[in-house]
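Inspection log for the structure reproduced underneath, given as structure tokens.
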Amino acid sequence: MLIKSRVVLGSAVALLALSACTPKDAAKEADKGPVAATVNGAPISQKQVDMILKQQAAQGMPDNAESRKMIIDNLSLQLIVAQEAAKKGLEKLPDVAEQLEMTKQSILADAYVQDYMKTNPVTDAMLTAEYDKIKAQATGNQYKARHILVEKEDEAKDIIAKLKKDVKSFDALAKAKSKDPGSKDKGGDLGWFDPRGMVPEFGAAVAKLEKDKFTEEPVKSQFGYHVIMLEDTRPNPIPTLEQVKPRLTQQVQQQNLKKMLDDMKAKAKIEIVAAPAAASASAMTAAPAAASAPAATEAPKK
């Protein structure tokens with residue numbers, strides 16, 4: 001089974017070119033670096049093997065002799081087939097030539113992006129500016145609450161009536177009555193959460209509650225009816241720059257890359273060639289009408 005990866009696709013282009021080399025050309029290629037194997041005189045470079053192994057290692061493949069042998073076997077088979085294809089001149093077929101060109105463009109575009117990220121690293125100033133935006137947007141509170149979820153409104157009202165008599169029974173009632181599997185066994189405890197992450201009805205009800213109070217009317221949502229008790233409130237915590245630095249670096253890098261690509265596209269002259277216009281409806285209906293019209297008869301001669 002051939003290794004399916006961008007690196008191997010890229011190798012296919014290089015190998016196809018190598019397959020047309022003379023022995024002298026192959027020797028020149030070999031002089032460019034260590035060779036892992038040769039196939040009918042054409043070299044498979046150690047660099048190719050290392051590139052594929054590095055990519056596969058990111059997916060969990062171990063770097064050992066067995067892995068390298070498998071990669072070399074796959075590349076050898078690919079090169080053998082590519083050489084046979086070249087002998088038949090298949091690279092000159094329109095479809096094949098188009099695919100090779102598209103693969104080449106893809107590899108070059110990827111190389112450009114990698115070079116851009118390498119030569120335009122994210123600076124501390126960029127990170128600080130983005131972090132300041134996050135801090136400015138980090139408004140609102142987090143809430144620590146419990147809830148009891150039931151299917152019917154009457155059930156929720158009955159629970160509320162019991163809580164009015166003994167608010168300390170919330171834990172036991174949640175364990176006995178709640179339909180929420182995630183919080184039921186914890187006495188309805190939801191921990192700390194941002195209400196914006198909850199369904200709107202739930203979030204709005206929590207935000208209106210006072211500490212140690214519960215909703216005196218059932219809160220209906222798509223899941224059923226809730227009885228909610230608020231235990232505590234705190235401002236939304238803001239992580240430090242160091243805590244978010246890896247994710248923030250990637251985010252800024254993607255933003256910079258997108259801006260660069262958008263600028264390149266804006267400056268480029270892109271002309272979309274329109275497909276041939278479809279025949280108008282009138283023209284399409286006129287032809288059959290003309291064909292089916294009776295032929296004019298010649299007036300009788302006197």
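Bear in mind that the values in this text are calculations on the coordinates, not laboratory data. Keep in mind the model is a prediction, meaning the values are calculated, not measured. All Cβ positions, even for glycine, are placed from backbone atoms using ideal geometry, and neighbour counts span all protein chains on display.
Brief remarks follow.
- For D154 and R196, the FRET efficiency from 1/(1 + (r/R0)^6), where r spans their Cβ atoms and R0 equals 35 Å, is about 0.70.
- Excluding same-chain neighbours fewer than eight residues apart, the lysines reachable from K157 by a Cα-Cα span under 25 Å are K144, K165, K168, K175, K177, K179, K184, K186, K208, K211, K213, K220.
- Rounded Å value of the spacing that divides the Cα centres of the stretch 150-217 and the stretch 32-83: 61
- Candidate aspartates and glutamates - alpha carbon under 18 Å from K92, same-chain residues fewer than 8 apart omitted: E84, E101
- Multiplying the residue separation of K118 and D232 by 0.36 nm and subtracting their alpha-carbon distance yields 36.3 nm.
- Sum of side-chain charges, A85 neighbourhood, beta-carbon under 11 Å (Lys, Arg +1; Asp, Glu -1): +1
- Eligible aspartates and glutamates near K162 by straight Cα distance, threshold 14 Å, same-chain separation 8 or greater: D154, D171, E216, E217
- Simple spin-label estimate for T103 and K258 in nanometres, 7 Å along Cα-Cβ: 3.2
- Distance (nanometres) between label positions extended 7 Å along Cα→Cβ at L241 and K87: 6.4
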